[in-house]
2 protein chains.
Amino acid sequence: MDVKQYMTTVGQSARQASRAMAAAKTGTKNNALIATADAIERARGKLLAANQQDMEGGRSNGLDAALLDRLELTEARIDDMVEGLHQVAALADPVGEITDLKYRPSGIQVGNMRVPLGVIGIIYESRPNVTVEAASLCIKAGNATILRGGSEAIHSNQAIAACIIEGLAAAGLPKNAVQVVETTDRAAVGELITMPDFVDVVVPRGGKGLIERISRDATVAVIKHLDGICHVYIDDHADLEKAFNVAINSKTQRYGTCNTMETLLVAERIAADILPRLAAAYRQAGVELRVCERIKAIISDGKLATEEDWKTEYLAPILSIKMVDGLEQAMDHINHYSSQHTDTIVTENYTNGRRFLREVDSSSVMINASTRFADGFEYGLGAEIGISTDKIHARGPVGLEGLTSQKYIVLGDGEIRE
Amino acid sequence: MDVKQYMTTVGQSARQASRAMAAAKTGTKNNALIATADAIERARGKLLAANQQDMEGGRSNGLDAALLDRLELTEARIDDMVEGLHQVAALADPVGEITDLKYRPSGIQVGNMRVPLGVIGIIYESRPNVTVEAASLCIKAGNATILRGGSEAIHSNQAIAACIIEGLAAAGLPKNAVQVVETTDRAAVGELITMPDFVDVVVPRGGKGLIERISRDATVAVIKHLDGICHVYIDDHADLEKAFNVAINSKTQRYGTCNTMETLLVAERIAADILPRLAAAYRQAGVELRVCERIKAIISDGKLATEEDWKTEYLAPILSIKMVDGLEQAMDHINHYSSQHTDTIVTENYTNGRRFLREVDSSSVMINASTRFADGFEYGLGAEIGISTDKIHARGPVGLEGLTSQKYIVLGDGEIRE
């Protein structure tokens, strides 16, 4: 197979399908989602069999247990896929929304209309349920999609794709509105991210290495999510109970997620009051502490942190802790070491909270709340295609709106420019 | 001079200055703008002398008359610069605006805060007044800016930069918030567009060649404006008077602007009623007509258009005219040949207007209004840094808001995630 030629054909047909998707009625798109859910229900046996093939391939290729777990489809995971499709169908359609329509002195009325981006490429790794999640959000937002999943999940993804195509056909939408790349050749990714004529944006979902590689090589726009080095700063005006709860929950509620706290900053004036109790709780949860010299003087059993620790996304039961003089030093540390994902201040002080909110340059900035809330569902977006650590287009959890853009509309009555 | 090292220093100091700019109060930013206007008033003599140097250099380098005209600073153009600074000072500050703050079932309150992009690189050609326009918008939107003007305008730009630095200093803002690149070495542009650590977005302003080169080579985000192949479609349900006015104004009000119509589409049913009168008016204005076979049958004196004509931004008194069966064919032509800048339908038909508005995928879509209205001032943005033909981040005229982004903010009361 000539990969370049194949991907060009995929791109061209996606571009063509994107016009029908942009014009599709809300009800039609919802019908496609629900028909896909029905098709998945009917294809349970086929999906499990296809996944079995991938699992066997994965085992004989020596994939580790974590990867195999992500690759696996179970009845419960198929339930989640079906449920997810119904949830996306129930979300409000962002396309066509008209806002800020105002009369200008010239007599024209100017406003914005929300429109689909066009063609979205999704590049992801082993989890086959991403195929349904990503496709459903793109369909609802009126886009065509090209999905490039991990080669280890190719049979599962093709079986899921068949259900989506069935759903699109049932609703009278073009089958090329969702295409799952059929080749496992890595060159297909290289093509996908360098076809600006056919692809408007790519969303890479996976490890940092994958995302960095794609950002470097892409000539189309990328909505990217690099690492999550999240901070909680306990201000000297913090309520101790809130500080304890937020600091424990931000670290221990889940270790492997990008919105988990990796560094705790504590104001000098309050450190002795809160740290012994916090350290004991972390110890009990099995969290290893790596601390600065000043913190070590308070809790004797911490290991000394190195410069590297402040830059590390542990994704593990490890926490670095640093003492700061106060707000100013905390914000300096965060704006220097944070990956601009999510950072929280715990404070009762109005001015400190207000300054933190404005001056910390991260995609989610919080007062008195766990970093773990940085999530499309918790924010009420209904679903998310990823979390962006970029500044352009979309920051933070990206839901349906992030898969759209706004154009200007002008309503006139024959006005001309003088 | 080591250009790479020089640009790295410029980038680092811009990044540092961007923090102070992001935190700067509205009044402080306005003070800087007004102090810059005052400094320009005082420096009139110096500005004209510096510009004289550039003009002499330009003449001896054989620049053509159009380029020399753009390069020239006059008392009137200095008046415009001063007036522009006062206008930007009078605009509402977009930074810090909080929207959509809503309570979630978990108890947290989630919303968006508008924040500066950070560091913006502007690459432009000969017009020295762009230095003030771009700097003032970036200052007001809380960004640091690196300006890279044309080498032919280097003395004028440095003289203007001195006034801006005076203005920033008078307001207590860091002088590195606006830096005009001091070298005319072309390698500086290559560095500017490949420093993602220091530059968040670049805005190239200039010819298509410059913009294509920058888009291709940049590793930072680009807000770009390629060509303006704008259409007017006269629907079979058009009001003839409105159609005449819009079609004439869209072409003849100015020829060299990107929002000027380049192709007129006319529905078959109405063509014989309107074309003779239109053709006569274009002829009187000195507009050359290049037409399809079917149009030629109605107005005998048109030259036959080639395939190339439908793809050409003339920027001149030339117009291509094509007959279409109706709305469907008009939208097909536009979605194929338009540069997605600005397209207008003239119609009294509700359904046709509504479909055109939704299905034409351009940054400005209009009903019964001249394409010439696609402009930041006409849209009420107060000022514009350019017009984007991209789909990501900003589409259409880009004003202060386009130089900002939105982050999520979360206000809590100690909530944790269960």
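Overall, region B:230-378 carries a charge dipole of about 340 debye about its Cα centre when +1 sits on the Cβ of Lys and Arg and -1 on the Cβ of Asp and Glu, all other atoms neutral.
Rounded to the nearest 10 degrees, the angle from helix A:350-359 to the longest Cα principal axis of chain A is 50 degrees. Result for chain A in a Gaussian network model with C-alpha springs under 10 Å: among A:Ala20, A:Ala187, A:Ala89, the largest mean-square fluctuation is at A:Ala187.
With viscosity 1.306 mPa s and temperature 10 °C, the Kirkwood radius over alpha carbon pairs of region A:310-418 converts through Stokes-Einstein to a diffusion coefficient of 96 µm²/s. A 1.4 Å probe run over the protein assembly as shown, with the rest of the protein chains in place, finds 39 Å² accessible per residue. For the peptides A:202-208, A:157-163, the ranking by packing is A:157-163, A:202-208, with the highest mean count of neighbouring Cβ atoms within 10 Å listed first. Between 0 and 90 degrees, the angle of helix A:3-23 with respect to the longest Cα principal axis of chain A falls at about 90 degrees.
Which length gain, in nm to one decimal place, applies between A:Leu101 and A:His86 when the Cα-Cα distance is subtracted from 0.36 nm times their residue separation?
On the way: separation 15, 0.36 × 15 = 5.40 nm, distance 3.26 nm.
Roughly 2.1 nm would be gained on extension.
Largest GNM mean-square fluctuation among B:Asp235, B:Asp309, B:Asp185, using chain B with Cα springs under 10 Å: B:Asp185.
Per-residue shielding of A:105-117, expressed as the average number of other chain Cβ atoms within 10 Å of the residue Cβ, stands at 4.
The modelled label-to-label distance between B:Ser60 and B:Asp413, using points 7 Å beyond Cα along the C-beta direction, is 7.5 nm.
For all pairs of alpha-carbon atoms in region A:55-149, what percent lies in each bin of width 10 Å, listed from the first bin to the last filled one? Taking all Cα pairs of region A:55-149, the binned fractions are 14, 30, 25, 16, 9, 4, 2, 0 percent.
Protection proxy ranking for A:359-369, B:22-32, using the average of other Cβ atoms within 10 Å per residue and placing the highest first: A:359-369, B:22-32.
Given R₀ = 60 Å, what would the calculated FRET efficiency be for B:Asp197 paired with B:Ser300, taking r from the Cβ atoms and rounding to 0.05? The formula returns an efficiency of 0.45 here.
Each Cα pair under 8 Å and six or more residues apart adds its separation to the average, and for region A:230-378 the resulting relative contact order is 34 percent. Its relative contact order, with pairs defined as Cα atoms under 8 Å and 6+ residues apart, puts chain A at 18 percent. Of the residues A:Ala39, A:Ala22, A:Ser364, the one whose Cα sits farthest toward the positive end of the charge dipole of chain A, with +1 on the Cβ of Lys and Arg and -1 on the Cβ of Asp and Glu, is A:Ala22. D by Stokes-Einstein for region B:7-54, Kirkwood Rh over Cα pairs, 25 °C, 0.890 mPa s: 187 µm²/s.
With the convex hull constructed from alpha-carbon coordinates only, the protein assembly as shown shows a mean projected area of 37.0 nm² over all directions. With a 10 Å cut-off around each Cβ of B:215-224, the average count of Cβ atoms from other chains is 2. Pairing chains B and A buries close to 5600 square angstrom of accessible surface in total, based on protein heavy atoms and a 1.4 angstrom probe. Expressed as an acute angle from 0 to 90° and rounded to the nearest 10, what is the orientation of the C-alpha long axis of helix B:240-252 relative to the principal long axis of chain B? Helix B:240-252 and the main axis of chain B meet at about 50 degrees. Comparing each chain alone with all protein chains together (probe 1.4 Å, DNA, RNA and ligands left out), the residues of region A:385-418 losing at least 50 Å² of accessible area are A:Lys391, A:Ile392, A:His393, A:Arg395, A:Lys407, A:Tyr408, A:Val410, A:Gly414, A:Ile416, A:Arg417. The calculated 222 nm mean residue ellipticity attributable to helices in chain B amounts to -13500 deg cm²/dmol, summing -39500 (n - 2.57) over DSSP H runs of n ≥ 4 and dividing by all residues. Computed with a 1.4 Å probe on the full set of protein chains, the accessible area for A:Lys242 sits at about 40 Å².
What pairs from A:Lys102/B:Lys242; A:Lys208/B:Lys208; A:Lys391/B:Lys251 go past 27 Å between their alpha carbons? The answer is A:Lys208/B:Lys208; A:Lys391/B:Lys251.
The apolar share of the surface of chain A, taken as the fraction of accessible area on carbon and sulfur atoms (1.4 Å probe, ligands and nucleic acids excluded), comes to 48 percent. Scaled against 2.2 N^0.38 Å for its residue count N, the alpha carbon radius of gyration of region A:1-119 is 1.57.
In this rough spin-label picture, where each label sits 7 Å from Cα along the Cβ direction, the A:Glu328-A:Thr26 distance is 5.2 nm. Mean per-residue shielding of peptide B:361-367 is 6, counting Cβ atoms of other chains within 10 Å of each Cβ.
Strictly greater than 26 Å: what percent of every Cα pair in region A:230-378 meets that? I get 12 percent for the Cα pairs in region A:230-378 exceeding 26 Å. Region B:162-208 and region B:370-417 have Cα centres separated by 21 Å. Which of B:Tyr337, B:Leu381, B:Tyr255 sits farthest toward the positive end of the charge dipole of chain B, with +1 on the Cβ of Lys and Arg and -1 on the Cβ of Asp and Glu? Result: B:Leu381, furthest along the dipole toward the positive end. Test of understanding: in a Gaussian network model of chain A with alpha carbons linked when under 10 Å, which of A:Cys292, A:Cys138, A:Cys258 would top the mean-square fluctuation ranking? Largest GNM mean-square fluctuation: A:Cys292.
Across every direction, the projection of the convex hull enclosing the Cα atoms of region A:179-258 has a mean area of 8.0 nm². Here the ratio of the Cα radius of gyration of chain A to 2.2 N^0.38 Å is 1.11. Give, in nm to one decimal, the length gained when the segment between A:Ala281 and A:Thr8 is fully stretched (0.36 nm per residue of separation minus the Cα-Cα distance). Between A:Ala281 and A:Thr8, full extension yields an extra 92.7 nm.
Peptides A:106-112, B:249-255 ranked from most to least packed, by the mean per-residue count of other Cβ atoms within 10 Å: B:249-255, A:106-112. Basic side chains Lys and Arg get +1 at the Cβ, acidic Asp and Glu get -1 at the Cβ, and with that the dipole of region B:228-273 about its Cα centre reaches some 280 debye. Charge dipole of the protein assembly as shown (Cα centre as origin; +1 on each Lys and Arg Cβ, -1 on each Asp and Glu Cβ, all else neutral): 0 debye, rounded to the nearest 20.
The values are calculated or read from the model by the stated rules, or taken from the named source; none is laboratory data. Keep in mind it's a predicted model, so treat the numbers as computed, not measured. Positions of Cβ are generated from backbone atoms using ideal geometry, with glycine treated the same way; all protein chains shown enter the neighbour counts. For accessibility, only protein heavy atoms count, side chains too; no ligands or nucleic acids. Shrake-Rupley method; radii C 1.70, N 1.55, O 1.52, S 1.80 Å.
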